[in-house]
Amino acid sequence: MNKRVSSRAIIIEDGKLLTMFRRKIKSDGTIKEYYVIPGGGLEENETLEENVIRELKEEFNVDIEVIKFLESVEYEDTIANYFLCKIVNGTPKLGGEELERMSESNYYEVRFVDLNELDNIDINAKDIIKNLK
């Protein structure tokens, strides 16, 4: 099975990490809450850098600059490529597929999370983020 390749933007402003908060209510009524580093899947003929720039424009309505590649992490069904980035234009607000798919049982929200709170939330790449401090 081919793993999905994605690019993710680690953006830190004033000691806070830009994230996408997710809440899913499963069919059995259980609620799963977690955070994701913004980004998404690589499209054909796209570089990893072009991918992360496009995804942040679609999901968060911001233009970003890629500062540097940080690390590639292989998960069960995906390979995530993390980049340190900064916002060069715009204020993060929900857009794209996430806005279209949002419902009571499938909730998305743009959130800045204090770096001191990382250990208290469910999010991937904690070690990568902490190494940036």
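The values are calculated or read from the model by the stated rules, or taken from the named source; none is laboratory data. Keep in mind that this is a model prediction, so the values were computed, not measured. All Cβ positions, glycine included, derive from the backbone under ideal geometry; neighbour counts span all protein chains shown. All accessible areas refer to the heavy atoms of the entire protein, side chains included, with ligands and DNA or RNA removed. Shrake-Rupley method; radii C 1.70, N 1.55, O 1.52, S 1.80 Å.
Determine the share of the chain's accessible area contributed by carbon and sulfur atoms, expressed in whole percent, with a 1.4 angstrom probe. Can you show the working numbers first?
Numbers: 3390 of 7780 Å².
Of the solvent-accessible surface of the chain, carbon and sulfur hold 44 percent.
Between ARG101, ARG23, ARG54, the GNM of the chain built on Cα springs shorter than 10 angstrom shows ARG101 fluctuating the most. From helices alone, the chain scores -5000 deg cm²/dmol at 222 nm; the rule is -39500 (n - 2.57) for each run of n ≥ 4 DSSP H residues, then divide by the residue total. The packing ranking, built from the mean of other Cβ atoms within 10 Å per residue, places the peptides 16-22, 91-97 in the order 16-22, 91-97, highest first. By the rule of a C-alpha distance below 16 Å, with chain neighbours fewer than 8 residues away ignored, the aspartates and glutamates paired with LYS16 are GLU109, ASP114, GLU117, ASP119, ASP122, ASP127. Listed by chain and number, the lysines whose alpha-carbon sits under 19 Å from that of LYS24, ignoring those within fewer than 8 places in the same chain, are LYS32. Tell me which label goes with the value of Rg and Dmax of the Cα atoms in Å computed from the coordinates here: [x] 14.5, 43; [y] 15.8, 54; [z] 18.0, 55. Computed from these coordinates, Rg and Dmax of the Cα atoms in Å corresponds to label [x]. For the peptides 76-87, 115-126, the ranking by packing is 76-87, 115-126, with the highest mean count of neighbouring Cβ atoms within 10 Å listed first.
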